[in-house]
Amino acid sequence: MGKDIVLLLLSIYCTIQEGVGFTQAVDNDFTFSLPAGHKECFFQPMKKDATLEIEYQVLDGASLDVDFTLLSPYGDVLISEVRQSDGVHTVETVDGDYQFCFDNTFSRMYEKVIFFELILDHINEEGTDQEDWKNYIIGTDLLDMKLEDILETINSVKGRLTKSVQLQTLLKAFEARDRNIQENNYNRVNFWSVVNLVVMVTVSVIQVYMLRSLFEDKRKSRP
């Protein structure tokens, strides 16, 4: 009997998901290299009354900074940041293509490795009547739990799993940036250690030469 109830719940869930669909956030992340003196722009189509959240981090490159700009479909500057290492921004959207750009033109020598993540919420909503799913329910009065509670629980679990994936992605980005910083510091320590060693050897050689020159008899012997 318990197995039959589970199968019935799964059947109802699949039917409702095909007929109506759940409103979920779409999560995308991307990592790319931005050469020195270049600017890179991306476009994201959005719908009205949706939410666009973008988070970026500079993972590698001198000073770990970049210029960031977010433009609306009408060309209005929504967000503009200068030489930042990271940022998180959320905007309510309208119909059209949103443009966000990463600018490294201020740097003439160093390229930057940039990670960004887009979280698109309510983008798949079609505005249909949410009560239509009740037409697919058959025999739910035999169940102890209400179908609304089941759907709420499923959506809650999915939302938390999605949030967990987002946090893990961000932690990976932080880890990559910290690792790059440590490797750069390691290379700097090695470089200056070699420089100090060369200076010490040079000074030692000069000191030995100077001391020997003090004790040398430079008078020429007469016949």
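The values are calculated or read from the model by the stated rules, or taken from the named source; none is laboratory data. What you are looking at is a predicted structure, and each value in this text was computed from that prediction instead of being measured. Counting neighbours? That spans all protein chains shown, and the Cβs are built from the backbone with ideal geometry, glycine included. SASA here: full protein model, heavy atoms, side chains in, ligands and nucleic acids out. Shrake-Rupley method; radii C 1.70, N 1.55, O 1.52, S 1.80 Å.
Looking only at residues in segment 37-51 that are within 21 Å of the chain's Cα centre (by Cα) and charged (D, E, K, R), the one that is surrounded by the fewest Cβ atoms within 10 Å (Cβ to Cβ) is LYS39. Answer yes or no as to whether ASP29 is modelled with pLDDT of 90 or more and among the charged types (D, E, K, R). No, not satisfied. Where in segment 26-75 are there strands (runs of 3 or more DSSP E), lying fully within it, with 1 or more residues that are among the small types (Gly, Ala, Ser) and in contact (Cβ under 8 Å) with a residue 24 or more places away in the chain? Per the criteria, 26-34.
The set of residues in segment 168-188 that are among the aliphatic types (A, V, I, L, M) and open to solvent by 90 Å² or more (accessible area, probe 1.4 Å) contains only LEU171. Contact annotation: residue pairs with Cβ atoms under 6 Å, 6 or more positions apart or on different chains, pairing a residue in segment 95-119 that is at positive phi and surrounded by fewer than 19 Cβ atoms within 10 Å (Cβ to Cβ) with a partner that is modelled with pLDDT of 90 or more and not in a strand (DSSP E or B), are GLY96/PRO73.
For segment 70-94, give me each residue that is of a type in the set (A, V, I, L, M) and open to solvent by less than 40 Å² (accessible area, probe 1.4 Å). Residues satisfying the conditions are LEU70, LEU71, ILE79, VAL91.
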